[in-house]
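Q: Before I ask anything, here is the structure I am working with.
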Amino acid sequence: MVYLPIDWTAFCRWAGNRSLLRPGAFDEGYAMHVLLCAVFGKAVLQPYRLVRTARASIASLYAYSSQDRETLLGTAQGVAPPEAHGVLGFDDLATKTMPDRFRSGQRLGFDVRVRPVRRLGRDLLDSQSGRVLRKGSELDAFRLELLHRSPDGWRNAESLAGRNGISRQSVYTNWLTERLDGAASVETAGCRLVDFRRARAWRGKGRGSEGPDATMQGELMVRDPEEFARKLRCGVGRHRAYGYGMLIARPPTPRQRG
């Protein structure tokens, strides 16, 4: 696991100089992907997570990597563009070795930022806009759940969700459980949607696509230790190269006795 501090003002200036800032929107995940590839190589720090409090001048980047501190710094010294040294705090780069083996039945807390989307298996009419959503396009998993339950589901999202006993949190919890795919089981009662917004993803040129940006916390139980270790290394869900899908392990909540 890698920690690297980011000078946020310098990062935004760097992104602006490379036309990675869009009017009214900034896909920080895409900009960071471009920077990390230039400094360390493609997918060397992936998945990763950017953490920044409002108006803070320094952000924190956490990532999983198979390379140690000396190797990462050696690569950066050899190939990183000079201006990257004003953005990334190389002197404070720190690493720790993650377990390569977990126990079946082991309980862990987790924190993960995800983009919970599903690809459409067929064309679907969007009752809100009147547009046809084409097969293969990405759609918010919550929105798709409502559309499956009612053609007018998204227009009446709150009332429909209430009548059917579903919520954005419950849909995203199910989505996360599917992505863990037997590696671990999520304790659904304690899984919480702690942050949500809609964000536009810019991937180079084009208009980009709007979608959900969700942070979830809870607890899970390891089912397949090797597969769970792989999920940690590779991340969960789509857009893992752009700041989503990094499972960060936390201490579990102690069990109440008696």
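Q: For His85, what is the net charge nearby, where nearby means another residue's Cβ is under 13 Å from its Cβ and Lys, Arg count +1, Asp, Glu -1?
A: That sum, taken over residues with Cβ under 13 Å, equals -4.
Q: Based solely on its DSSP helices, what 222 nm [θ] is calculated for the chain when runs of n ≥ 4 H residues each add -39,500 (n - 2.57) and the sum is averaged over all residues, nearest 500 deg cm²/dmol?
A: Value at 222 nm, helices only: -8500 deg cm²/dmol.
Q: Which value, in Å², gives the accessible area per residue of the chain when a 1.4 Å probe is used on the protein heavy atoms?
A: Ligands and nucleic acids excluded, the result is 53 Å² per residue.
Q: Still on this structure, please answer the following. With all protein chains present, how much of the accessible area of region 165-258 (probe radius 1.4 Å) comes from carbon and sulfur, to the nearest whole percent?
A: Carbon and sulfur together cover 45 percent of it.
Q: Going by a ≥ b ≥ c, the root eigenvalues of the Cα gyration tensor, does the chain fall in the rounded group (a/c under 1.5), the prolate group (a/b larger than b/c) or the oblate group?
A: Oblate is the answer for the chain, as a/c is 1.5 or above yet b/c matches or exceeds a/b.
Q: Using the Cα gyration tensor of region 50-138, with a ≥ b ≥ c the square roots of its eigenvalues, what is the shape: rounded (a/c below 1.5), prolate (a/b larger than b/c) or oblate (neither)?
A: Cα axes put region 50-138 in the prolate bin.
Q: Taking the Cα-to-Cβ direction at Arg122 and at Thr75 and moving 7 Å from each Cα, how far apart do the two end points lie in nm?
A: The two pseudo-label positions are separated by 4.5 nm.
Q: Right, next: In nanometres, what is the gap between the two model label sites at Cys12 and Gln217, each 7 Å from Cα along Cα-to-Cβ?
A: 2.6
The values are calculated or read from the model by the stated rules, or taken from the named source; none is laboratory data. As the structure is a computational prediction, the values presented were derived from the model and not from experiment. So basically every Cβ, Gly included, is an ideal-geometry build from the backbone, and we count neighbours across all protein chains shown. For the accessible areas, the whole protein counts, side chains as well, though only heavy atoms, and no ligand, DNA or RNA atoms are used. Shrake-Rupley method; radii C 1.70, N 1.55, O 1.52, S 1.80 Å.
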